[in-house]
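What follows is one structure encoded as structure tokens, with my remarks underneath.
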Amino acid sequence: MSKADEILKVLEDRRNVLLAGPPGTGKSMLLTEIAHLFEDQGSGSTPRYKPEGAVPIPPSPTSSLPGDIGKASNRKVFQSVLHQSSKYRDFLTGVMPDVRAGKAPGTFRITEGILYRASEFAKQPDSAALLIIDEINRGPTVQVFGGAIVAMEADKRLGVDGQRTKTTQFFDLLNPADGELVEYAFPSRLYILAAMNQADVSVEPLDVAFLRRWAPFNLEPSTRVLREYFGLPASSSEELPAAPTSNGDVFEATVRAFDAVNRRIALGRGPEFRIGHGVLMRTGEKPGTIDEALEHVNTCWRLIKNHIDEAFFGDVRGTAIVLNADRGIEGNPYSLEETSFGDSPRAQINGPTTVAREKLYGLLKALAETGE
């Protein structure tokens, strides 16, 4: 089962899923894939031929989407990105100046935010809505959702028939139609899929009470994915050659370096600060020669080095350990120098800002050294 299918099943069960993982693990691609499946899978006008079924050609289209998602023939995806300027009125409802053409100065209106619009769509007969929120930890998340957080969970929604159940939770909401404060509840077929990068040091952690409303789905950096992408064997214990004789040697050294660097990052800074496999992948054909492979990996290395520098900002020795710069390994262009500033001991990393292509393979071999 693909990750997209797994997430759709969790969405059907829990209604709210929070996708998390280091940068480059494929979160954005998954969001796009799930959006496509939600709207398009099994929703065509031509019924599918099912020879194993009681009726080989059913009278209406069938869907392989799970549960209530698949039962709804009218499905729509809403997408948003949270940021520092996001407000409650952008997601639900609220009062704001009406600056639309033809409106008198000083006129106000009640907004219909994206969560409200998705909810109203899902309340229509035979309908389901998926709200995708990227970078959910980049905005004032709790303020944006407000009182809606008490009504998000699957068992706090309205029933599939749209009626109130014993556990339905309501919250106060400005009604866009008349401006009155009304009690509001979310429909059963409203699905919310959010994504975040836990290693983003520029934002605050999400509120624990808010996180409890979500089913977590974590993505991990994968050497298996890289080995498949580069056409390498599932595993290899052979010693790397002194110099690459094929593009496969470059890719093997790259994957081993990637794995070793991530293990050191996880120990020194935490697993959420690791590097995703996507940073080493590109669209189009795989580099076919040694020079093309080195050029590709060299471009990727700049991104990886920037990530390491940011994750270990201010920690020179931590950066040196990740780069294996403290071990004096032959071929490593980076080295740790112990020096002093006045009477105070200092440490600095010596090495190029940009690694020359002819030195890259030596760097990859040095990074792959584990010292075991």
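Structure data summary
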| item | result |
| --- | --- |
| Selected residue [closer than 26 Å to Glu330 by Cβ and in a helix (DSSP H, G or I)] from Thr245, Thr254 | Thr254 |
| Pairs, first in the same structural domain as Ala253 (by TED's automatic domain parsing) in segment 332-344, second polar (S, T, N, Q) and part of a loop (DSSP other than H, G, I, E, B), C-beta under 7 Å, six or more apart | Asn332/Asn324 |
| Only listed residue being under 25 Å from the mean Cα position of the chain (by Cα) and not basic (Lys, Arg), chosen from Ala253, Ala257, Ala243, Ala234 | Ala257 |
| Number of the exception - Ala101 against (1) part of a strand (DSSP E or B); (2) among the small types (Gly, Ala, Ser); (3) farther than 23 Å from Lys123 by Cβ | (1) |
| Test: residue in segment 284-295 that is crowded, with 19+ Cβ neighbours inside 10 Å and closer than 20 Å to Arg357 by Cβ | yes |
| Count of segment 116-168 residues which are closer than 24 Å to Ser73 by Cβ, out of contact with any Lys or Arg (no Cβ under 9 Å at 6 or more places or on another chain) and either surrounded by fewer than 17 Cβ atoms within 10 Å (Cβ to Cβ) or free of Cβ contacts under 8 Å to residues at least 60 places away in the same chain (or both) | 7 |
| Subset of segment 62-103 (residues that are over 21 Å from Gly162 (Cα atoms) and among the basic types (Lys, Arg)) | Lys87, Arg89, Arg100, Lys103 |
| Residue list for segment 265-289, restricted to those being of a type in the set (Asp, Glu) and either in contact with a helix residue (DSSP H, G or I) (Cβ under 8 Å, 6 or more places away or on another chain) or not in a helix (DSSP H, G or I) (or both) | Glu285 |
| Residues that are more than 34 Å from the chain's Cα centre (by Cα), surrounded by 13 or more Cβ atoms within 10 Å (Cβ to Cβ) and at negative phi, drawn from segment 317-334 | Arg327, Ile329 |
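The values are calculated or read from the model by the stated rules, or taken from the named source; none is laboratory data. Just so it is clear, the structure is predicted and the values come from calculations on it, not from any experiment. Positions of Cβ are backbone-derived with ideal geometry, glycine not excepted, and every protein chain shown enters the neighbour counts.
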